[in-house]
Amino acid sequence: MTATVDSFTNWKNREEIAESMIPLIGKLHRERDVTVLLHSRSLVNKSVVSILKTHRFARQIAGAELSVTETLPFLEALTRLDLGPSQIDIGMLAATYRTDDRGLTVEEFTADAVAGATGANKIERREPRDVVLYGFGRIGRLLARLLIEKAGSGNGLRLRAIVVRGNGGRPADDLVKRASLLRRDSVHGQFQGTITVDEANSTIVANGNEIRVIHADDPSQVDYTAYGIKNAILIDNTGKWRDREGLSKHLRPGVAKVVLTAPGKGDVPNIVHGVNHETLKPDETVLSCASCTTNAIVPPLKAMADEYGVLRGHVETVHSFTNDQNLLDNYHKSDRRGRSAPLNMVITETGAASAVAKALPGLKAKITGSSIRVPVPDVSIAILNLQLARETTREEVLDYLREVSLTSPLKRQIDFISAPDAVSSDFIGSRNASIVDAGATKVEGDNAILYLWYDNEFGYSCQVVRVVQYVSGVEYPTFPAPAV
């Protein structure tokens, strides 16, 4: 009985501490554009229980207890610093403080670790960059949620407009239906906030952000400056145009750059954030974020190539069904995709393997790929089978990938889970490009097989937003700096 009482009391104490953290996190975010993280997971706008669960997760992957009693002093220390826009990981601060032997106080250690975000070093707040969504399907609506979440504080992006079909005439309730699809989602749940519709001005107001809905059947029909939009990043979610010539149609008055949420063709750069985004030239006006599967496999492939070398590989993707398949058997330009998506496993092609060469031109290994669509609405898994340049062990690979997920420059792309009972629905809403499943990993000699979960909708959308932040010049630094 005593142990039960003590456990409950301990929980209530931690609950009280987590509750005290919420206003501190919110104030840093609103007033200073500081996003507080815990092992790469944002704590902004999180509930008490969510904050406690995030600390619990940190223990699972870091292998050591991490409590709110340990992270709170670092959060309090941050509030007393003159911080500029940045992302600060209090989990990493607490973890590195444990092993620091300089005898510093928490205040002194924190000030030293985030010195690049304070005083003369800090970045000044910038005007938010205008963003336009061209297309409002699955990815478009998730991007809208992410952009609305970031509006007004941190990461300097502002969703100004959404372009949808219907310039030649639209139903009277068109705007209401589109707002409803943004408000509720069968996979990702309800929108966190309020959404209203101003039909007179063709505007959706989400959490106070006015978003103009523009009806057009072709990019040439839109002059964005007429809506007060300037120097915008346009994100094309339609996939209708994938080469430079087609995508350049979007470079209309008010639009400076075009980002495609599908693999680009020809000389269009295919960018995987965390891997090759820094290769983009500042004057590049058209680029692609590649595919969800490319984003899932390229970061862990790079990590494995850097540490072990990769001679060859094959990726088999077990992918959730998508809107380009039929609900019931019907005509489709692709033979197998015409068969009912919710009733069948469907063998199909994937361009992810060939896209590796564009994202990792230095990797000489031949990577092949194939895919099977299965009857789940979201979350996929890529099985990456690699022949390495040297022999290793399962324990060594898992220790390495766990460390990559915690401290490397790829920590926003690669997550790590050791839960033995994890299934696909557990990863709905994951913000990482892929999640290494430790329990499923197989290594024998120079052969490694990685099982990589990924939310092919939300995780990919997060990668797109990271690319947009980078090309917009509003991707703020992270502290402590990731290990290189």
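Indicate the gyration tensor shape class of the stretch 372-484 (rounded, prolate or oblate), computed on the Cα atoms with a ≥ b ≥ c the square roots of the eigenvalues: a/c under 1.5 is rounded; otherwise a/b larger than b/c is prolate and the rest oblate. Taking the square roots of the gyration eigenvalues as a ≥ b ≥ c, the stretch 372-484 is oblate. The calculated 222 nm mean residue ellipticity attributable to helices in the chain amounts to -10500 deg cm²/dmol, summing -39500 (n - 2.57) over DSSP H runs of n ≥ 4 and dividing by all residues.
Using Cα pairs closer than 8 Å and at least 6 residues apart in sequence, work out the relative contact order for the chain, in percent.
Details: 970 pairs, mean separation 64.1, N = 484.
Reported as a whole number, the value is 13 percent.
With a ≥ b ≥ c the root eigenvalues of the C-alpha gyration tensor of the stretch 244-378, is it rounded (a/c under 1.5), prolate (a/b larger than b/c) or oblate? Since a/c reaches 1.5 but b/c is at least a/b, the shape of the stretch 244-378 is classed as oblate. Taking Cα centre as origin and charging only the Cβ of basic (Lys, Arg, +1) and acidic (Asp, Glu, -1) residues, the dipole magnitude of the chain rounds to 1260 debye.
Under 12 Å from the Cβ of G193, count the other residues' Cβ atoms, weight Lys and Arg +1, Asp and Glu -1, and hand me the total. Its environment carries a net charge of +1. Computed about its Cα centre, the charge dipole of the stretch 158-272 is approximately 200 debye, with only Lys, Arg, Asp and Glu carrying charge at their Cβ. Between the amide H of A389 and those of G309, V310, L311, distances stay under 5 Å, these residues lying 5 or more places away or on another chain, with hydrogens modeled in the peptide plane.
Restricting things to Cα coordinates, could you compute the convex hull volume per residue of the chain in Å³?
Working: hull volume 84.4 nm³, N = 484.
Output value, Cα hull per residue: 174 Å³.
Dividing the Cα radius of gyration of the stretch 197-245 by 2.2 N^0.38 Å, with N the residue count, gives 1.34.
Counting beta carbons within 10 Å around each of K53, K302, K12 and listing the fewest first gives the order K12, K53, K302.
If neighbour count is taken as other Cβ atoms inside 10 Å, put S461, S320 in order from fewest to most. Let's see the in-between values first.
On the way: S461 28, S320 20.
By the 10 Å Cβ count, ascending: S320, S461.
Summing charges over neighbours of N295, with a neighbour being any other residue whose Cβ is under 14 Å away from its Cβ, gives +2 when K and R count +1 and D and E count -1.
Take every DSSP beta bridge with both residues inside the stretch 292-456 and express the antiparallel ones as a percent of the total, to the nearest 5. Can you show the working numbers first?
Details: 25 of 39 bridges.
Around 65 percent of the beta bridges assigned by DSSP in the stretch 292-456 are antiparallel ones.
Once you've got the Cα coordinates, tell me which of K122/K281; K12/K53; K122/K230; K240/K333; K257/K302 are over 18 Å apart.
Pairs exceeding the cut-off: K122/K281; K122/K230; K257/K302.
From the Kirkwood radius over Cα pairs of the stretch 12-142, Stokes-Einstein at 37 °C and 0.692 mPa s returns a whole-number translational diffusion coefficient of 205 µm²/s. Apply the a/c threshold of 1.5 to the C-alpha gyration tensor of the stretch 129-262 and tell me whether it is rounded, prolate or oblate. Cα axes put the stretch 129-262 in the rounded bin.
Values quoted throughout were computed directly from the atomic coordinates according to the rules given, and no laboratory measurement underlies them. Given the structure is predicted, the values throughout are model-derived calculations rather than measurements. Cβ: placed from backbone, ideal geometry, glycine included. Neighbour counts: every protein chain shown.
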